[in-house]
1. So between L109 and L139, what do we pick up on full extension, going 0.36 nm a residue minus the alpha carbon distance?
2. Given a Förster distance of 41 Å, report the FRET efficiency between M298 and L81 from their Cβ-Cβ distance, rounded to the nearest 0.05.
3. For D170 and V243 in one chain, what is 0.36 nm times their gap in residues minus the Cα-Cα distance, to one decimal in nm?
4. How far apart, in nanometres, would the label points at I98 and S266 be if each is projected 7 angstrom from Cα along the Cα-to-Cβ direction?
5. Kindly flag which residue pairs out of K206/K248; K82/K141; K82/K206; K146/K262 have an alpha-carbon separation exceeding 19 Å in this structure.
6. What does the charge count near L166 come to, summing +1 for each Lys or Arg and -1 for each Asp or Glu among other residues with Cβ under 12 Å from its Cβ?
7. Multiplying the sequence separation of K253 and I318 by 0.36 nm and subtracting their Cα-Cα distance, what value in nm do you get?
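Nothing in this text is a laboratory measurement; each read-out follows from the coordinates by a stated rule. Here the structure is a predicted model, which is why all the values come from computation and not from measurement. Every residue, glycine among them, receives a Cβ derived from its backbone with ideal geometry; neighbour counts consider all protein chains shown.
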Amino acid sequence: MNAIAVFFLVAVAIGGIAWVFIYPMLSGEKQAERRKETLTKTGTVAPARSARNPQKSRREQVEGTLKELEARQKKSVPLHLKIQQAGLNWSNKQYYLISVALGLGALLLFMLIDAGIWAALAMAFAAGFGMPAWLLKFLKKRRENKFLEAFPDAVDTIVRGVKAGLPLLDSMRIISIEAPEPVRSEFRAIMETQAIGIPIGDACSKLFERVPLPEANFFGIVIAIQSRAGGNLSEALGNLSRVLRDRKKMKAKIQAMSMEAKASASIIACLPIAVMFLVYITSPQYIELLWTHPTGRMLLAGSAVWMFMGVMVMRKMINFDF
């Protein structure tokens with residue numbers, strides 16, 4: 001029984017470690033995200049070099065910006081920025097202390113249940129390295145979803161304020177006070193950055209660093225271009241608001257169209273467990289061999305590992321992005 005438990009726990013730990021560290025590299029998610037950010041993110045738009053040929057100067061600005069972005073994307077995101085994107089106030093030291101505490105806790109727990117030293121070490125490694133990384137990714141995704149829910153309304157507030165004659169900073173100040181989180185805290189950070197002397201275009205461009213979403217990048221681009229080239233800000237932000245709401249509708253449509261696949265994946269994932277439970281109720285002697293016989297226990301552990309891998313593959317297949 002101990003050998004089977006050790007095999008099962010080691011298999012689960014290896015699978016979790018591979019899912020957290022190896023799977024993003026094999027699936028190409030990091031390369032896709034890096035390419036998407038390179039194509040969408042733009043830095044500060046430089047002033048026009050020649051007033052007689054504005055189209056050529058704008059093209060040169062875009063080319064220079066893309067080259068600069070390619071150089072930036074080669075660098076990995078530092079840990080403190082990942083923590084900030086997750087909406088946490090931890091320092092790097094606190095993050096490492098929490099990782100060590102989780103690893104030691106998992107080690108002690110599996111030593112107390114006598115699961116074996118190797119299984120305990122594997123689970124301690126998975127808990128110490130995999131769990132904090134997964135937590136940051138989960139909190140970052142949840143914070144981004146909340147930001148997307150309230151961001152179009154915030155842009156509409158700026159549009160109405162500008163049309164009513166309010167300055168741009170006063171309209172942003174209203175959002176930093178009345179908007180829901182995390183939009184409120186992000187616009188408050190923009191106001192604080194602008195208050196220390198940084199131009200408003202550069203302050204809005206830094207929003208993409210804290211919230212790495214195309215919508216936040218679009219907003220920074222519009223403000224940066226308007227602050228240097230001028231133009232009708234209310235019209236530009238109004239167009240941006242329509243784009244944001246269209247993207248929101250598209251995302252909801254994709255989720256609605258993928259619900260059938262998600263329901264099918266959930267049924268397939270739950271079916272083996274339900275069948276095993278029903279067979280145990282009707283014929284317990286028939287299925288008890290799975291946990292009473294050594295071969296049955298090994299088959300049960302292997303089936304659990306393969307089922308977990310199948311669930312992860314189905315999850316990847318039904319998660320659509322645009």
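1. Numbers: separation 30, 0.36 × 30 = 10.80 nm, distance 2.58 nm.
Length gained between L109 and L139: 8.2 nm.
2. On the way: r = 45 Å, r/R0 = 1.09.
The pair M298/L81 has a calculated efficiency of 0.35.
3. Working: separation 73, 0.36 × 73 = 26.28 nm, distance 2.37 nm.
Gain in length upon complete extension: 23.9 nm.
4. 2.9
5. Values: K206/K248 23 Å; K82/K141 11 Å; K82/K206 14 Å; K146/K262 22 Å.
Violating the 19 Å Cα-Cα cut-off are K206/K248; K146/K262.
6. On the way: positive: R160, K163, R173; negative: D170.
Combined, the nearby Lys, Arg, Asp and Glu give +2.
7. On the way: separation 65, 0.36 × 65 = 23.40 nm, distance 1.38 nm.
Taking K253 through I318 to full extension adds about 22.0 nm, to one decimal.
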